[in-house]
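The structure is given below, and queries will be raised subsequently.
The values are calculated or read from the model by the stated rules, or taken from the named source; none is laboratory data. Predicted model only: the values in this text are computed from it and were never measured. Cβ coordinates were reconstructed from backbone atoms using ideal geometry, including for glycine residues, and neighbour counts include every protein chain displayed. The accessibility values were calculated without ligands, DNA or RNA, using every heavy atom of the protein model including side chains. Shrake-Rupley method; radii C 1.70, N 1.55, O 1.52, S 1.80 Å.
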Amino acid sequence: MNGLYDEFRIAVHSVWNRRWLALAVAWGLCLLGWLIVALIPNSYESQARLSVEMQSILSDKVGVDARERKKNMERVKETLASTINLEKVVRGTALNQSVSTDRELAGKVEMLRKNIEIKSEKDNLFEIIATSSASNFSDAENAVLARDIVQKMIDIFVEENLSGDRVETSQTIKFLDAQLAQREKELQEAEQKRVQFETENLGLLPGVGSISQRMEAARAELSQIDSQLSQASGSLAALNGQLAGTPPTIATPGFGGAGGGAGAQLAQAEAKLASARARGWTDGHPDIVAMKAEIAALRVQAAREPAGGGGGYRTPNPAYSSLQSMRAERQASVAALQARKNALQSDMAQLASKQTLEPGVAAEMSRINRDHEVLKAQYDKLLTDREQIKLRGQVESETDSVKFQVIDPPSSPRSPAAPNRPLLLAMVLLVGIGGGVGSAFAMGQLQTSYPTADKLAKASGLPVIGSVSQILTSAQRAVRKKNLRLFYGTSGGLFGVFGLLMIVEFIQRGMVA
């Protein structure tokens, strides 16, 4: 321990002997350091916190998703420090006073990009921090400028989230309206093309009234007409047979006769038979069978009567006339059925000739319908999207779907955030003192002197008999005291300058406040 203590005493003595060197180095370092600290511009920092609350009662019902809103806010936060927004900040603050060219504007924008920080503390809390250290502004102006920058950033943040969505909604609706107008025009052209194609190829298109269906209908009708024609021809042949066996005239008794002979009764029976058949009775009807038997018997009796017997005369047979009328109707029916059959056969021949064109026409019609359906689906979807976006825009503009609240307004800085000038001044003082002491100590190590007899003995390897203390005269002591007072005064002046600088610093801070 004694050795260490001796070394410490030797070091202190070495420095003390070179105290003027140490003081000069300390003054030089302190003055230089304090000058550098004085040249560092003060940076004033302002900060604010913003809360964003999302209302989802009505918004969710119309498709305004909270997650989409949060994503939009994250996007706005990321683009908040874009060049366009920073140019708005420059134009809206005192920075615009020193901007006259685009180059100067770009320089201010880059400076703001470095001095603005946006933090997301929680899901709905944002913090905006701005620092101002413009060299052409005073400390008070820099403090106000930092607060104005934060306020402008808040305004831009709110504007981008509110009016930005409205502008985007308006642009989207405008785009959809243009697309709807174009789709509507294309849809009208497709409808006109389809109507024109249907008109030009009527009867060749698939569906109701197509060639295949018309052919099937014609075949079915032709089959029915063949059946009806066969029945009508058979009925006409039967009538012709009956008409051949019916006499055109019948014998009528004279006025003095005994109530008429077999001829008159035969005529009456045939008339009854013709009347019954005219009513639609068939030959299997019991009354028809009875009438035929009666007529056969009367014909035998009439054949046995003498000619002109009973004093009667010949008259037209009513049954014959009725059968002739029925035969004319049957002939007309057969002719009509035959004409309809011929017409159907002619139509089927024409349809058969067109049927070869039907597949190509059907394919073209399918393509036209498909294009029309695609355009119709696109038009309906665009119309639905436009109405939904329009409703969302009305909800966002007429209701508070997003509520912004400034929790902490932009702060007005009273002291510079950087640099910490009192600490730097104190550090410069310590460095100056340390540099002076170090310089004196280093100088003592470089000079070949021995502060004690032991040091001399160790260095020479020879025994030292003794040492002589320094003896000062009265005049020398007076000079030494004077030099000590000068040294103490100069040293005190160093601390006085430090104290003066600290006072000036706090006075400047008070002026900013």
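T282 versus (1) open to solvent by 80 Å² or more (accessible area, probe 1.4 Å); (2) modelled with pLDDT under 80; (3) part of a helix (DSSP H, G or I): which is the lone unmet condition?
Every listed condition holds for T282 apart from (3).
Looking only at the stretch 312-348, which residues are among the aromatic types (F, W, Y) and either in a helix (DSSP H, G or I) or modelled with pLDDT of 75 or more (or both)?
The answer is Y320, and nothing else.
Looking only at residues in the stretch 85-97 that are open to solvent by 30 Å² or more (accessible area, probe 1.4 Å) and free of Cβ contacts under 8 Å to residues at least 24 places away in the same chain, which one is farthest from the chain's Cα centre (by Cα)?
It comes out as Q97.
Within the stretch 385-405, count every residue that is open to solvent by 70 Å² or more (accessible area, probe 1.4 Å) and either within 29 Å of A48 (Cβ to Cβ) or modelled with pLDDT of 85 or more (or both).
Residues that pass the stated criteria total 4.
Can A267 be described as on the phi < 0 side of the Ramachandran plot, open to solvent by less than 80 Å² (accessible area, probe 1.4 Å), out of contact with any Ser or Thr (no Cβ under 6 Å at 6 or more places or on another chain) and at pLDDT 80 or above?
no
Which of the residues spanning the stretch 6-27 are open to solvent by 40 Å² or more (accessible area, probe 1.4 Å) and among the small types (G, A, S)?
Within the stretch 6-27, A24 is the sole residue that qualifies.
Suppose we keep only residues that are among the polar types (S, T, N, Q) and in contact with a helix residue (DSSP H, G or I) (Cβ under 9 Å, 6 or more places away or on another chain) within the stretch 467-487. Which one would you say is most open to solvent (accessible area, probe 1.4 Å)?
My answer is S467.
Consider only pairs whose beta carbons are under 6 Å apart and that are at least six residues apart or on different chains; among these, list those whose first residue lies in the stretch 364-389 and is under 20 Å from A178 (Cα atoms) and part of a helix (DSSP H, G or I) and whose second residue is open to solvent by less than 60 Å² (accessible area, probe 1.4 Å) and of a type in the set (D, E, K, R).
Here the result reads Q378/R183; Y379/R183, each pair linking the stretch 364-389 to a residue that is open to solvent by less than 60 Å² (accessible area, probe 1.4 Å) and of a type in the set (D, E, K, R).
Please list, ordered by first then second residue, the pairs with beta carbon atoms under 6 Å, 6 or more apart or interchain, first in the stretch 127-145 and within 12 Å of L112 (Cβ to Cβ), second open to solvent by 30 Å² or more (accessible area, probe 1.4 Å) and among the small types (G, A, S).
Sorted first by the residue in the stretch 127-145, then by its partner, the pairs are L145/A94.
Which condition from (1) at pLDDT 80 or above; (2) of a type outside the set (S, T, Y); (3) farther than 24 Å from R414 by Cβ is the one that I149 breaks?
Of the numbered conditions (1) at pLDDT 80 or above; (2) of a type outside the set (S, T, Y); (3) farther than 24 Å from R414 by Cβ, the odd one out for I149 is (3).
Would it be correct to say that R69 is at pLDDT below 70 and either in contact with a Lys or Arg (Cβ under 8 Å, 6 or more places away or on another chain) or buried (at least 16 other Cβ atoms within 10 Å of the Cβ) (or both)?
On the way: at pLDDT below 70: yes; either in contact with a Lys or Arg (Cβ under 8 Å, 6 or more places away or on another chain) or buried (at least 16 other Cβ atoms within 10 Å of the Cβ) (or both): yes.
So R69 passes the test.
Being modelled with pLDDT under 85 and either closer than 19 Å to I407 by Cα or open to solvent by less than 30 Å² (accessible area, probe 1.4 Å) (or both) is true for just one of S120, S138, S133. Which residue is that?
Of the residues listed, the single one that is modelled with pLDDT under 85 and either closer than 19 Å to I407 by Cα or open to solvent by less than 30 Å² (accessible area, probe 1.4 Å) (or both) is S120.
Same structure, new question: Hey, does the stretch 406-424 have a residue that's in a helix (DSSP H, G or I), out of contact with any helix residue (DSSP H, G or I) (no Cβ under 7 Å at 6 or more places or on another chain), within 30 Å of L31 (Cβ to Cβ) and modelled with pLDDT of 80 or more?
Yes, that holds for at least one residue.
Of the conditions (1) crowded, with 17+ Cβ neighbours inside 10 Å; (2) assigned to a loop (DSSP other than H, G, I, E, B), S100 fails just one. Which one is it?
Condition not satisfied by S100: (1).
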